[in-house]
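Read-outs throughout are calculated quantities, based only on the coordinates presented, and are distinct from any laboratory measurement. Note that this is a predicted model, so its numbers are computed, not measured. Counting neighbours? That spans all protein chains shown, and the Cβs are built from the backbone with ideal geometry, glycine included.
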Amino acid sequence: MSGFAAEGGEVEATGGDEADHAGVAGEAAAAAGEGAARRKPVVCIVLGMAGSGKTTLLQRINLQMNSSDKQGYYINLDPAVTQVPFGANIDIRDTVNYKEVMAQYGLGPNGGIMTSLNLFATRFDQVIGLMEARSDSAEGLDYVFVDTPGQIEVFTWSASGQIITESLASAFPTCLIYVIDTPRTTSPTTFMSNMLYACSILYRTRLPMVLAFNKSDVTSPDFAAEWMSDFEKFQEALDETADESYMGSLNRSLSLVLDEFYSTLKHVGVSAATGEGIDQLFQSLDAAGDEFIRDYLPDLQARMAAVAARTQAAKEREMTKLMADVAVTRGDKPLREGGEGDAMDSSNSG
Amino acid sequence: MADDGGEEDQLPCFGQIVVGPPGSGKTTFCHGMSQYLTALGREVAIINLDPANHGERLPYKPAVDIEDLVSLEGVMSTLGLGPNGAIIYSIEFLEKNLDWLLDKLRAHRAKYLLFDFPGQAGVELFTHYTCIQNIVQTLQKHDYRLTAVHLVDAYHCSDASRFISVVLVSLMSMMRLELPHVNVLSKVDLIEQYGPLAFNLDFFTECTDMTRILDYIDAPARGADELDRDLQGAHERPQGDATSKKLSRLTREICDVVESFGLVSFTTLDIQDGESVGRVLSKIDKANGYVVQSAAAAAAAQQGRDPRAAANALFQSAFSGNEADYEHLASVRERHMGRTSGDDT
């Protein structure tokens with residue numbers, strides 16, 4: 001695997017004015033501990049199941065950004081995609097050759113994607129560096145969009161996905177855009193499964209989430225908005241499909257859980273095809289960025305400190321054990337009577 | 001139902017459906033479990049229904065292989081689908097051709113079956129498609145008594161929040177499969193590879209007092225040992241944890257559901273440890289009734305002599321085996337986690 005390729009396909013937006021978010025800029029700067037008045041860009045990790053339209057949505061976002069004065073930056077993390085229509089600033093494919101990885105390691109398609117992501121994650125600090133350099137430059141940066149592999153589990157259930165997410169969140173306000181294939185999610189049980197999965201992602205990443213109900217030109221997401229705001233309506237729809245069985249009763253209890261889940265996030269109906277809802281999407285992303293700084297950043301820092309503390313404590317435990325062993329084998333602390341000099345055998349070292 | 005089958009078709013057939021995210025160890029599980037079962041004298045047949053599992057990469061020899069029905073590469077090249085799309089297509093194709101599967105299974109009816117299910121594209125198959133459910137329901141109609149074994153890499157339980165994430169995904173698959181369900185934390189021998197656990201292993205496996213998890217989520221900065229000792233008394237909740245406050249109501253609701261339905265508990269597994277495999281197997285056998293079936297067979301043998309003794313033996317075998325769980329957990333902790341034996345539950 002060659003070293004990091006230089007950025008290619010830079011997106012040049014027209015104009016270079018910094019986004020006008022004076023209040024947030026002050027907060028962000030304070031939180032970041034810098035003296036700069038510049039606001040940090042909001043990083044948006046785009047997640048969704050294969051076919052939900054992540055890449056097409058990014059293409060639409062790119063179009064919108066081009067005709068505004070906002071600065072965007074695009075990162076593609078899908079090693080198996082054939083075409084990236086939005087012109088990525090950083091593309092995993094420049095660094096990792098997915099087919100080559102499969103061949104060299106004797107992997108199938110899933111293993112190939114996984115391994116490519118793993119390889120990329122080891123260099124991710126370079127990506128952060130490039131992003132920061134761009135953010136500090138004259139034009140600045142308002143948004144960073146990260147396209148993830150089509151197979152959602154490869155990102156959400158892997159160590160490298162976690163490393164990448166945490167690296168981004170440590171350096172920038174970060175949020176998740178969870179893209180939903182609206183036409184396929186019209187049945188209440190499918191809707192519930194999808195929402196449970198989104199909820200599981202929320203707990204895995206602990207980042208603000210925006211639900212993007214995509215393909216609104218095909219199926220209006222009004223039904224989803226109704227189900228998410230009116231618990232009774234969702235129950236009615238569910239009761240029509242579910243029965244009085246054990247599962248029926250579990251369904252009902254879980255929909256109460258989901259009702260609480262919805263209150264923690266924002267949702268927007270969008271169409272990547274027509275551009276409908278994109279303005280609202282940007283508003284939600286801005287709000288998510290603010291939310292990150294206010295609610296999520298302290299938690300993230302506390303967790304990182306906790307992990308460091310636990311690792312340190314574990315190291316200290318091991319060191320103590322080791323020192324005890326060394327003391328014993330040196331004969332400082334004889335184990336049994338008459339065992340001083342003979343304590344070279346392996347003692348019960350825990 | 002089988003009108004042309006022999007006597008064997010009338011006996012129920014027992015087995016496991018192995019599901020879980022990619023990398024959780026399903027194929028390794030099927031292989032290890034089959035070796036264990038064989039050592040116990042139980043005849044096993046592994047049914048590979050994961051289109052992405054290719055013959056030459058499989059550690060086991062499948063008795064039935066979906067590759068004989070539909071080839072992933074063939075679908076990808078003929079229909080121009082990516083790997084995910086091709087897997088979904090293959091499973092839908094299987095759903096439309098269940099006669100093929102039922103026919104192939106007939107030869108193995110007297111055996112214990114292990115179904116290796118797709119990991120990749122598993123999420124889509126569970127949320128957006130009904131093919132997996134339909135396949136499972138059809139098998140049940142033909143009296144295949146199955147336990148869903150949901151594998152998750154134990155690493156995903158390295159903190160409370162991630163554990164809740166795992167619980168949610170387990171719930172999701174439970175609801176879709178509608179089968180007796182056993183959750184397994186696989187690769188427990190590697191559990192502390194990425195750092196020490198936030199709290200005791202038995203928390204995960206017992207999962208009866210889920211509200212305890214709230215304490216752990218709210219107090220991330222404290223050491224694990226401190227938290228362990230603190231369990232009985234009231235805890236102070238640190239003020240500044242805004243995300244926790246944000247999520248605490250949601251977390252509480254999730255915990256309530258899990259507790260009140262008594263649904264979710266996990267068993268640890270180290271596939272290389274026979275004792276560990278045996279414990280998981282005993283839970284699986286209880287879940288689908290195999291243990292009762294085999295005890296019933298033994299009981300029927302002495303039915304003529306003393307029916308009541310036979311019934312007692314039946315109940316005893318079905319409900320035994322729980323008392324040693326704590327000792328087992330203590331030994332798993334000792335073996336795989338960096339704790340001293342001073343801990344107790």
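Within region B:162-189, whose backbone N sits under 15 Å from a point 7 Å along Cα→Cβ of B:Glu275?
Correct set: B:189.
Decide, for region B:1-121, between rounded, prolate and oblate: order the square roots of the alpha carbon gyration tensor eigenvalues as a ≥ b ≥ c, take rounded if a/c falls under 1.5, and otherwise choose prolate if a/b is larger than b/c, else oblate. Walk me through the numbers before you get to the answer.
Working: a/c = 2.44, a/b = 1.33, b/c = 1.83.
Oblate shape, in that a/c is at least 1.5 and b/c is the bigger or equal ratio.
Among B:Cys13, B:Cys30, which comes first, second and so on when ranked by fewest other beta-carbon atoms within 10 Å?
Working: B:Cys13 21, B:Cys30 28.
Ordered from fewest to most neighbouring Cβ atoms within 10 Å, B:Cys13, B:Cys30 come out as B:Cys13, B:Cys30.
Checking the a/c ratio against 1.5 first, then a/b against b/c, what shape does the Cα gyration tensor give for region A:195-278?
Numbers: a/c = 2.47, a/b = 1.41, b/c = 1.75.
Because a/c hits 1.5 or more and a/b fails to exceed b/c, region A:195-278 counts as oblate.
Listed highest first by mean packing, meaning other Cβ atoms within 10 Å per residue, what order do A:318-326, B:129-137 come in?
Output ranking for A:318-326, B:129-137: B:129-137, A:318-326.
Show the residues, 5+ positions off or on another chain, whose built amide H is closer than 5 Å to the amide H of A:Gln71.
Placed amide hydrogens put A:Asp142, A:Tyr143 under 5 Å from A:Gln71.
Apply 1/(1 + (r/R0)^6) to the Cβ-Cβ distance of B:Lys61 and A:Ile128, taking R0 = 41 Å, and write down the FRET efficiency to the nearest 0.05.
Working: r = 47 Å, r/R0 = 1.14.
Working from the Cβ atoms, E equals 0.30.
Assuming R0 = 45 Å, can you tell me the calculated FRET efficiency for the pair B:Leu69 and A:Ala324, based on Cβ-Cβ distance, to the nearest 0.05? Numbers along the way, then the final one.
Working: r = 61 Å, r/R0 = 1.35.
For B:Leu69 and A:Ala324, the calculated efficiency is 0.15.
Highest first, please rank the peptides A:56-64, A:97-105, A:168-176 by the mean number of other Cβ atoms sitting within 10 Å of their residues. Write out the running numbers ahead of the final one.
Values: A:56-64: 20.4, A:97-105: 14.9, A:168-176: 22.8.
So the order, starting with the most tightly packed, is A:168-176, A:56-64, A:97-105.
Length gain on complete extension for the stretch B:Arg249 to B:Thr138, per 0.36 nm per residue less the alpha carbon to alpha carbon distance?
Numbers: separation 111, 0.36 × 111 = 39.96 nm, distance 3.95 nm.
That works out to 36.0 nm of additional length.
Counting partner chain Cβ atoms within 10 Å of every residue's Cβ in B:149-157, what's the average? Mind showing how you got there, number by number?
Numbers: counts 0, 0, 0, 1, 3, 0, 1, 4, 0.
Counting Cβ atoms of other protein chains within 10 Å of each residue's Cβ and averaging gives 1.
Other chains near B:76-88: what is the mean number of their Cβ atoms within 10 Å of each residue's Cβ?
Across the residues of B:76-88, the mean count of other-chain Cβ atoms within 10 Å is 3.
Just name one of A:Val307, A:Asn97, A:Ser158: the one whose Cα is farthest towards the positive end of the charge dipole of region A:40-312 (beta-carbon charges, Lys/Arg +1, Asp/Glu -1).
A:Asn97
Cα-Cα over 28 Å: which of B:Lys26/B:Lys104; B:Lys26/B:Lys283; B:Lys187/B:Lys246; A:Lys315/B:Lys26; B:Lys141/B:Lys187? Before the final figure, lay out each step's value.
Details: B:Lys26/B:Lys104 22 Å; B:Lys26/B:Lys283 17 Å; B:Lys187/B:Lys246 33 Å; A:Lys315/B:Lys26 33 Å; B:Lys141/B:Lys187 34 Å.
In this structure, B:Lys187/B:Lys246; A:Lys315/B:Lys26; B:Lys141/B:Lys187 exceed 28 Å between Cα atoms.
For A:Gly48, what residues show an amide H to amide H distance below 5 Å, using hydrogens built from the backbone and excluding near sequence neighbours?
Amide H to amide H, under 5 Å and 5 or more residues apart or across chains, A:Gly48 pairs with A:Val179.
Given points 7 Å out from each Cα along the Cα-Cβ axis, report the A:Arg317 to A:Leu63 separation in nanometres with one decimal.
Placing both labels 7 Å along Cα→Cβ, they lie 5.6 nm apart.
Per residue of A:152-164, how many C-beta atoms from partner chains lie within 10 Å of its own C-beta, taken as a mean? Can you show the working numbers first?
On the way: counts 6, 12, 4, 0, 4, 13, 4, 6, 0, 0, 4, 0, 0.
The shielding value for this peptide is 4.
Rounded to the nearest 0.05, what FRET efficiency is calculated for A:Thr82 and B:Asp256 with R0 set to 45 Å and r the Cβ-Cβ distance?
Working: r = 46 Å, r/R0 = 1.03.
The calculated FRET efficiency here is 0.45.
When the convex hull of the C-alpha atoms of region A:40-312 is computed, what volume per residue in Å³ does it have? Numbers along the way, then the final one.
Numbers: hull volume 41.0 nm³, N = 273.
Dividing the Cα hull volume of region A:40-312 by its residues yields 150 Å³.
Could you please state, rounded to a whole Å, how far the C-alpha centre of region B:115-165 is from the C-alpha centre of region A:96-132?
Spelled out, the Cα-based centre of one part sits 27 Å from the other.
How do the peptides A:71-82, B:269-280 rank, highest first, by the average count of neighbouring beta carbon atoms within 10 Å per residue?
Packing proxy ranking, top to bottom: A:71-82, B:269-280.
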